[in-house]
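Student: Dropping the structure in here first, questions after.
The values are calculated or read from the model by the stated rules, or taken from the named source; none is laboratory data. As the structure is a computational prediction, the values presented were derived from the model and not from experiment. Because the Cβ atoms are built from the backbone with ideal geometry, glycine has one as well, and the counts that use them run over all protein chains shown.
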Amino acid sequence: MQAKLTLSLDPEVIAQAKLVARSSQTSLSSLVESYLRQLIAQSETNPAQGPVLRQLSGILKDASVTDYVHHLENKYL
């Protein structure tokens with residue numbers, strides 16, 4: 001069953017989205033639906049952070065992923 005959805009978007013975004021849909025030979029509705037399905041699937045595979053992780057995130061603001069990799073290499077190699 002299909003249902004209608006009204007969105008308020010920047011006109012430039014709408015124009016660019018229509019071009020993307022046209023180049024993909026699909027409708028804008030199909031493009032949006034596909035994106036939303038991907039977003040839902042991604043959120044199901046990456047559940048929301050728990051309270052402990054939420055508290056810990058941001059503690060090492062200046063550390064990058066590269067720094068973390070180097071730390072692990074030094075620790076275990």
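Student: Among all residue pairs at least 6 apart or on different chains, which show Cβ distances below 8 Å where the first residue, located in region 27-53, is under 18 Å from GLN16 (Cβ atoms) and part of a loop (DSSP other than H, G, I, E, B) and the second is of a type outside the set (Val, Ile, Thr) and at pLDDT 70 or above?
Tutor: Between residues of region 27-53 that are under 18 Å from GLN16 (Cβ atoms) and part of a loop (DSSP other than H, G, I, E, B) and residues that are of a type outside the set (Val, Ile, Thr) and at pLDDT 70 or above, the close pairs are SER27/ALA21.
Student: Can you tell me how many residues in region 43-72 are within 27 Å of LEU7 (Cα to Cα) and at pLDDT 80 or above?
Tutor: Final tally of qualifying residues: 0.
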